[in-house]
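The values are calculated or read from the model by the stated rules, or taken from the named source; none is laboratory data. Note that the structure is predicted; figures quoted are calculated from it, not measured. No Cβ is skipped: glycine too gets one built from the backbone with ideal geometry, and neighbour counts run over all protein chains shown.
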Amino acid sequence: MQPVTNLPPGSFFNNDIEAIYDIACKLPNSGLLVEIGSFVGRSASCWAQIFRQLGKKYRIYCLDTYHNSIDEIYRRSRNFEKYFRDNPKVMTMNNFEFIQYAVRDYPEIICVEFDLFKMSPKDLGITQIDCVFDDSLHSKQSIEKCFDDWYPIINSGGVYCGHDYDSNFPTVVNTVNRIAQTNDLTVHNKDSSVFYFLK
Ligand SMILES: C[S@@+](CC[C@H](N)C(=O)[O-])C[C@H]1O[C@@H](n2cnc3c(N)ncnc32)[C@H](O)[C@@H]1O
């Protein structure tokens with residue numbers, strides 16, 4: 001894997017990037033990935049760069065309410081002063097404008113305002129998909145709703161995955177483990193906070 005570069009701010013680091021690289025290797029050569037919880041596009045930029053490295057043609061939907069204020073974005077991104085220094089115009093943008101600016105070099109990324117509690121794949125006209133990445137609210141309700149809405153439309157050979165499956169987020173670990181048990185799925189997770197189910 002080559003390094004991913006020029007990432008927007010956020011919390012998605014090397015072990016997680018390597019984990020999604022391994023997932024991307026398992027996916028078909030072309031398809032559709034939906035990310036739920038995109039913030040300002042850090043993990044989405046990683047997915048896009050990794051698919052390009054692998055020569056795989058993917059469309060990537062970035063779904064989020066995009067309700068974070070610039071103060072919240074800045075607060076959650078305090079290690080990324082360089083990004084803000086190099087791109088001062090983002091300080092005047094709202095969340096939706098910010099992500100569109102941050103992912104401007106990836107025409108394969110489509111950003112859509114989406115509340116996972118109020119909307120579902122059919123609101124986007126999506127009937128089948130190859131990969132879902134849940135990095136949204138991390139509550140029991142949000143994790144279950146995401147799984148119930150999106151897992152059934154994943155093609156055979158696809159992947160359902162998510163972030164923050166670690167001891168800092170016990171709700172994620174417990175809810176994902178319960179979903180796996182109920183649906184007779186295996187939770188894959190190694191050396192990172194990314195988990196996945198193979199379909
Ligand atoms: C942990 S952040 C995502 C981080 C992102 N993947 C990255 O790489 O920086 C969680 C995101 O979930 C979004 N979110 C919270 N509630 C949501 C909901 N009901 N529907 C969709 N997105 C939601 C938040 O707006 C926030 O941007």
Open item on the list: Checking the structure you have, find out if any residue of the stretch 30-40 is surrounded by fewer than 17 Cβ atoms within 10 Å (Cβ to Cβ), over 14 Å from the mean Cα position of the chain (by Cα) and either charged (D, E, K, R) or farther than 25 Å from Ser120 by Cβ (or both).
Closed with: no
TODO: Inspect all residues belonging to the stretch 61-74 and state whether any of them is at pLDDT 95 or above, crowded, with 20+ Cβ neighbours inside 10 Å and more than 15 Å from Gly37 (Cβ to Cβ).
DONE: no
- [ ] Can you confirm whether the stretch 141-155 contains a residue that is assigned to a strand (DSSP E or B), surrounded by fewer than 18 Cβ atoms within 10 Å (Cβ to Cβ) and out of contact with any Phe, Trp or Tyr (no Cβ under 7 Å at 6 or more places or on another chain)?
- [x] yes
TODO: State all residues of the stretch 103-162 that are in contact with a Cys (Cβ under 8 Å, 6 or more places away or on another chain) and hydrophobic (A, V, I, L, M, F, W, C); if no residue qualifies, say none.
DONE: Val103, Ile109, Ile110, Cys111, Val112, Leu116, Cys131, Val132, Phe133, Ile154, Val159, Cys161
- [ ] Report yes if some residue within the stretch 121-134 is within 12 Å of the ligand (Cβ to nearest atom), part of a loop (DSSP other than H, G, I, E, B) and in contact (Cβ under 8 Å) with a residue 40 or more places away in the chain; otherwise report no.
- [x] no
- [ ] Only residues that are β-branched (Val, Ile, Thr), touching a Cys at 6+ places or on another chain (Cβ under 7 Å) and over 17 Å from Phe96 (Cβ atoms): list them for the stretch 17-66, please.
- [x] Ile17, Ile20, Ile23
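How about the stretch 113-140: which of its residues are more than 15 Å from the chain's Cα centre (by Cα) and under 26 Å from Asp191 (Cα atoms)? Before you say what the answer is, go through the steps one by one.
Taking the stretch 113-140 first, the residues more than 15 Å from the chain's Cα centre (by Cα) are 117-128, 139-140.
Result: Ser139, Lys140.
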Open item on the list: With the condition being within 14 Å of the ligand (Cβ to nearest atom) and in contact (Cβ under 8 Å) with a residue 24 or more places away in the chain, I'd like the helices (runs of 4 or more DSSP H) fully within the stretch 1-108 carrying at least 2 qualifying residues.
Closed with: 14-26, 42-54, 70-75, 95-102
